[in-house]
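Here is the structure we will look at, set down as structure tokens.
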Amino acid sequence: MKIRDDKYSSDEEKIIRDIQQLLTKNRHGMTISEISRNLGINRTLILNVLNLMVGQGEISMRSFGRAKVYTLSSKIPIARLLSLSSDLFLVVDEELFIEDLNDAFASFFKMNSDVIKGTNVIYSPIPHFFSHDIIQALQDASSGTKRIFEDYVGFEGSQFFFRISCIPIQESDFSTKVALVLHDLTLHKKYEEELERQLNARTSELSSSIRRYEVLAEVAPVGIFETDVQGKVIYVNKKWCEITGTDSDEVTGSKWMKSIHRDDREWIKKLWYEHVSEQIPWNHPIRYQKKNGEEVHTLGMAVPLRNDNGEVTGYLGTIVDITERVTAEQIIQNLNEYLTTVLENANDGVATLDIERKFTSCNAVGCKILGYERSDLLGQSIRKLYESDDEFKNNGKEIYLELSQTGHYRGEVNIVRGDGKNRIVEVSISEMKNNGTITGIIILFRDVTESIRVKNEALIQEQRLKTILDGLVDAVCVIDRHGNILYANACASRYLSGSDVLNGEKHQLSEYIPKNELNSLRSYYQKIIDSQIPDSKIICLTIREQNICFLNRAVPIRFGEHSVDAVLSLSLDTRILEHE
């Protein structure tokens with residue numbers, strides 16, 4: 001059963017369109033006075049429409065001292081909105097196939113989100129809980145018609161009351177998606193119904209009715225307040241005091257204004273009494289400040305109370321703590337600013353491409369590596385970094401094949417900078433997705449041309465050194481403190497294994513020397529490493545069943561790219577000296 005369909009009147013729709021056009025031209029925002037003056041409409045009417053638009057999320061309001069500045073709302077990605085809100089969210093495409101839903105929706109209706117995704121709403125279990133009007137609103141929204149209304153959503157044996165929002169979303173590819181937002185008003189509805197019943201009750205048990213109202217107010221999950229006809233507070237419930245950090249006797253009359261944040265106090269006071277004097281409903285965010293300095297953001301609502309003659313006798317209202325929501329919005333804004341700063345100051349280049357492989361962003365370091373100004377890259381194909389079409393196609397095929405299989409690619413790519421120089425860049429590429437659809441790629445890259453050149457030169461020098469060492473009559477070994485053989489020249493390999501090369505990758509002295517001789521030799525090498533003092537001595541060892549004495553020179557060194565503590569051992573067979 002549909003309860004109410006909240007649609008703007010034709011006059012309100014015209015004012016809303018005029019305000020949207022005005023704010024589009026003034027992206028930095030406008031105050032109430034500026035909007036009122038530009039449209040030639042009184043402040044009170046403008047304020048009511050602005051509050052309505054803020055509540056619907058069509059515009060944003062920020063306070064600067066006493067001034068309130070209104071701007072068009074920034075769009076928040078649906079995935080992030082789903083994760084931040086406690087409301088129930090469902091997103092469908094224009095044919096009503098389910099694309100996404102948040103945990104709150106799945107939990108409330110006891111559904112498995114992975115199972116329900118991809119199913120058409122009409123043929124899913126969802127219609128069992130919804131009225132025909134909700135399904136019709138989804139179909140209307142898929143055709144571009146926005147609907148916001150209140151309705152019951154029922155389980156067997158119980159019903160819940162929600163504000164239903166069916167909002168068409170125009171995607172960048174001109175397709176339409178529909179966001180279904182369910183905001184639980186059950187408690188508010190029950191409270192409203194109970195309050196209406198009590199206010200309209202005509203019974204002799206007036207005192208009992210008042211007591212029931214007081215109990216309900218005290219256990220209500222929202223702050224409740226009541227004022228006289230002049231707008232001065234005559235009652236607040238326990239929750240109101242808890243939210244604002246005050247005691248009930250500290251807020252009677254006009255004293256409640258002292259609990260409002262000092263930066264907002266004067267203009268809130270003026271705005272409140274304007275509403276009271278005009279006897280119109282109040283719907284406005286208010287920032288309170290507790291005694292310990294803690295700020296509390298609330299959404300305040302109040303309606304006039306009328307007697308049997310229709311005369312206003314006071315106001316009854318509520319406040320809801322929305323601090324977490326305001327904090328989350330600020331965190332998102334700060335995070336976006338932080339990420340932008342981090343990317344701009346990163347040591348590596350960071351760039352994004354769309355699905356056509358055209359640049360959509362590139363940080364300052366990336367532009368420097370590629371040799372282009374940012375304006376010369378944005379909107380341009382990455383083809384301009386390749387020397388030929390064939391190289392562009394072949395490299396692209398390799399990258400996108402790996403991306404399609406794993407979602408990631410890492411490797412080295414040859415490019416041509418903007419100044420014509422050839423460079424080698426190391427890249428790490430990942431897919432960017434929105435609701436499971438690939439929208440582009442993000443690339444992290446750095447210039448490794450110089451490091452590759454140095455590495456290649458080091459390999460050449462290492463090969464030359466090995467050639468020289470292999471020609472020596474000395475047995476040359478590098479041995480760490482654990483007895484691992486890190487290097488052996490051809491002469492040493494012949495003594496140890498009878499071959500010019502030790503087979504395999506890892507070798508230990510224990511493979512070639514008896515245990516009784518090994519412990520003494522390893523202790524000797526450990527002493528050289530610990531003292532960092534070279535030494536020379538005659539060492540006699542049993543190798544391959546032969547007793548051989550060497551004139552040994554042991555020198556402490558740091559070996560390899562990890563600078564391992566080791567000993568460089570140069571051993572000359574004493575038989576060679578005797579022969580000479």
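Only residues that are over 49 Å from the mean Cα position of the chain (by Cα) and either crowded, with 19+ Cβ neighbours inside 10 Å or free of Cβ contacts under 8 Å to residues at least 24 places away in the same chain (or both): list them for the range 304-324, please. Selection gives Asn307, Asp308, Asn309, Gly310, Glu311.
Does Lys190 qualify as being outside any strand (DSSP E or B), of a type in the set (D, E, K, R) and either modelled with pLDDT of 70 or more or open to solvent by 60 Å² or more (accessible area, probe 1.4 Å) (or both)? Yes: the conditions hold for Lys190. When you check Asp114 against the structure, is it modelled with pLDDT under 90, assigned to a helix (DSSP H, G or I) and of a type in the set (Asp, Glu), yes or no? When the stated conditions are applied, Asp114 passes them.
For Ile460, the requirement of being more than 55 Å from the chain's Cα centre (by Cα) and surrounded by fewer than 15 Cβ atoms within 10 Å (Cβ to Cβ) is not met.
Checked against the criterion of being surrounded by 17 or more Cβ atoms within 10 Å (Cβ to Cβ), out of contact with any Lys or Arg (no Cβ under 6 Å at 6 or more places or on another chain), within 24 Å of Ser175 (Cα to Cα) and modelled with pLDDT under 90, the range 145-160 has no qualifying residue.
Within the range 477-580, which strands (runs of 3 or more DSSP E) (wholly inside it) include 1 or more residues that are on the phi < 0 side of the Ramachandran plot, exposed (fewer than 15 other Cβ atoms within 10 Å of the Cβ) and more than 54 Å from the chain's Cα centre (by Cα)? Steps first, answer last, please.
Working: elements: 484-488, 535-543, 546-559, 564-573.
Filter on the range 477-580 gives 535-543, 546-559.
Lys270 falls short of the stated requirement of being more than 40 Å from the chain's Cα centre (by Cα) and basic (Lys, Arg).
Selection of the range 234-267 for residues being of a type outside the set (Lys, Arg), more than 39 Å from the chain's Cα centre (by Cα) and surrounded by fewer than 19 Cβ atoms within 10 Å (Cβ to Cβ) yields Ile234, Tyr235, Asp247, Ser248, Asp249, Glu250, Thr252, Gly253, Ser254. Of the residues making up the range 341-368, those that are among the hydroxyl-bearing types (Ser, Thr, Tyr) and either surrounded by 12 or more Cβ atoms within 10 Å (Cβ to Cβ) or touching a strand residue (DSSP E or B) at 6+ places or on another chain (Cβ under 6 Å) (or both) are Thr352, Thr360, Ser361.
The values are calculated or read from the model by the stated rules, or taken from the named source; none is laboratory data. Fair warning: this is a prediction, and the values are worked out from it, not measured in the lab. Heads up, the Cβs are rebuilt from the backbone with ideal geometry, glycines too, and the neighbour counts pull from every protein chain shown. Each accessible area value is taken on the protein alone, full model and side chains, heavy atoms only, with ligands, DNA and RNA left out. Shrake-Rupley method; radii C 1.70, N 1.55, O 1.52, S 1.80 Å.
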